[in-house]
1. For a quick check, take a GNM of the chain with Cα springs below 10 Å and name the residue from 55, 202, 131 with the largest mean-square fluctuation.
2. Given the peptides 184-194, 94-104, arrange them by the average over their residues of other C-beta atoms within 10 Å, most packed first.
3. For residue 226 and residue 139, what does the FRET efficiency come to when R0 = 30 Å and r is the distance between their Cβ atoms, rounded to the nearest 0.05?
4. How many nm is it between the label spots at residue 211 and residue 81, if each spot is 7 Å from the Cα in line with the beta carbon?
5. Within a 10 angstrom radius of the beta carbon, how do 27, 87 rank from fewest other beta carbons to most?
6. Among DSSP beta bridges whose residues both lie in the chain, state the antiparallel percentage, nearest 5.
7. Using mean Cβ contacts within 10 Å as the protection proxy, how do 11-18, 218-225 order, highest first?
8. If one computes the Cα centroid of the stretch 162-234 and of the stretch 1-71, what distance in Å separates the two points?
């Protein structure tokens, strides 16, 4: 039997309703499409086939990630797996881009600017207008800090700062203790974490992709040094 101590499995949620429409989603709490549900179940079958059993799962508070995890738990037959949900693993806040179809955003702001905001590390889109920000936060207020503590736009650097809070306070210590951890997140929250773990520089992160429902297996030693990383499908 495989020894999966000190192992982290990283997974982006299955296809969401706005993914299927090619829209910037960010903190909008949309659900999975039927295709996204099948994505989750398929990854669950892969994890089960690899003999993976988890001691802890960590995810965001957004239902496309929470739903993906629920389908994984069902497929893995681990319904009572301890789960930590935290807003710090939400996707990045896309500011004024939120809700726009991606070609539409390029027409409004220019393709170069949108590409820089999407793929770069330090640049944030324009902030979300105040009325839209209030509606956005109100929709998920029961799982978020007070509104005056929340951003109205984020760069990938901003996203990384809050994700690393979870890494340092929860995920890292669990791995160091020998536990096997499942992380279900979002494209940019996972890009932010993997940039840190893979030691990718600020310019090179533009090419880092995290695909839907394509799990990666990261192995660490007991001093939390990364030993290997590979796609689950390998």
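Computed from the coordinates by the stated procedures, all read-outs in this text should not be read as laboratory data. None of these values were measured; they are calculated from a predicted model. So basically every Cβ, Gly included, is an ideal-geometry build from the backbone, and we count neighbours across all protein chains shown.
1. Taking springs between Cα atoms under 10 Å, the residue moving most is 131.
2. Values: 184-194: 24.8, 94-104: 18.3.
Most protected by this proxy first, the peptides run 184-194, 94-104.
3. On the way: r = 37 Å, r/R0 = 1.22.
Between residue 226 and residue 139 the formula returns 0.25.
4. Going by the 7 Å Cα→Cβ label model, 2.1 nm.
5. Details: 27 25, 87 16.
Listing 27, 87 from fewest to most nearby Cβ atoms yields 87, 27.
6. So the antiparallel bridges in the chain amount to around 45 percent.
7. Most protected by this proxy first, the peptides run 11-18, 218-225.
8. Here the two parts' Cα centres lie 14 Å apart.
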